[in-house]
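Novice: Quick one: structure below, then a few questions.
The values are calculated or read from the model by the stated rules, or taken from the named source; none is laboratory data. Values in this document were obtained by computation on a predicted structure and should not be read as measured data. Cβ placement follows ideal geometry from the backbone for every residue including glycine, while neighbour counts extend to all protein chains displayed. Areas reflect the complete protein model, heavy atoms only, side chains present, ligands, DNA and RNA absent. Shrake-Rupley method; radii C 1.70, N 1.55, O 1.52, S 1.80 Å.
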Amino acid sequence: MVTQARVEEFRQATAALSELTQQQILEVLSAFGEGSNPLRVRDVLLRYFPDFMTAYGDTAAVLAADFYDSARQVPGSASGAVTTVFAQPAKTKQSEGVIRWAVEALVGETRDWEGFQSRVLGAAQRLLLQPARQTVDSLAQVDARSGKVAAVSWSRKLSPERAKSGKSCNFCKMLAGRGPVYRSASAAGAVIGRGVDPSIALDESGNRRAGYVGGVGGGTKTRGVAELASDYHDNCHCVPVPTFYTRETREFSVRGYPRTESVLVPIS
């Protein structure tokens, strides 16, 4: 079982990597400011932003593989080496789509420079951690196919600092409160709501995902049982943590007749 200390070590490592990436982006933007030509800002970011996502995304994937390797060092069938699978960083079209969306804040009468920077930095954090989360999920699938574990479930862990200070959003807290009920890392990072941040609506090719009308979101208000499965939202500090299971055969009786059942037991 992965320890809370290891979860926090992984969270802090990816947070430091995110901060470094955002600093690099701010250095690029330091040549501009309010009143800058949106087309010039866009063109410069299109030149550098995808490269940042590729370089730092590769590092995030390595950190995730190391985190997963430490998580699976448990007794029984889950022990032993596993082929390392590194997820690819965000594709260039996806990064370019985010920049084109963010620059919309600089067009029109408002020309919201702070809002523009917030969009860019928030999306950078999400895209940077995308290959990390996908790497963990891919490794779990390799384990499942190899038969080293019977199953893997996931729980969503909030950042203790943000939860204590009340900065964790209510929706993230609801997901975390469900415990290890998710069947994959992407399910633990699902976002449900009437609307979402428009940048989340971009698929890996930079196109709007199906169901996102006009690309305009209105937050994460719940809408009955309808769910919008999506990646982690911008500036999300949650971590998906795996729980590994073995399968055991247990005996029981029904009206005096012996029966057996196959059950999943967490490896602790």
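Novice: Quick query: amide H of residue 155 versus all other amide H atoms, modeled in the peptide plane; which residues come in under 5 Å with a sequence gap of 5 or more or a different chain?
Specialist: Result for residue 155 returns 241, 243.
Novice: Additional query: Amide H to amide H under 5 Å from residue 169: which residues, 5+ apart in sequence or cross-chain, H placed 1.01 Å off N in plane?
Specialist: Amide H to amide H, under 5 Å and 5 or more residues apart or across chains, residue 169 pairs with nothing.
Novice: Please list 3J(HN,Hα) in residue order for the stretch 246-260, calculated via the Karplus relation 6.51 cos²θ - 1.76 cosθ + 1.60 where θ = phi - 60°; whole Hz, with x for glycine and proline.
Specialist: In residue order, the calculated couplings are 10, 10, 10, 9, 10, 9, 8, 10, 10, 6, x, 9, x, 9, 10 Hz.
Novice: Next question, about the same structure. How much accessible area per residue does the stretch 1-71 have, in Å², with a 1.4 Å probe?
Specialist: 50 Å²
Novice: Okay, next question. Within the stretch 12-46, find all residues whose amide N lies under 16 Å from a label point positioned 7 Å from the Cα of residue 111 along Cα-to-beta-carbon.
Specialist: Under 16 Å, as judged by backbone N against the label point of residue 111, lie 32-42 of the stretch 12-46.
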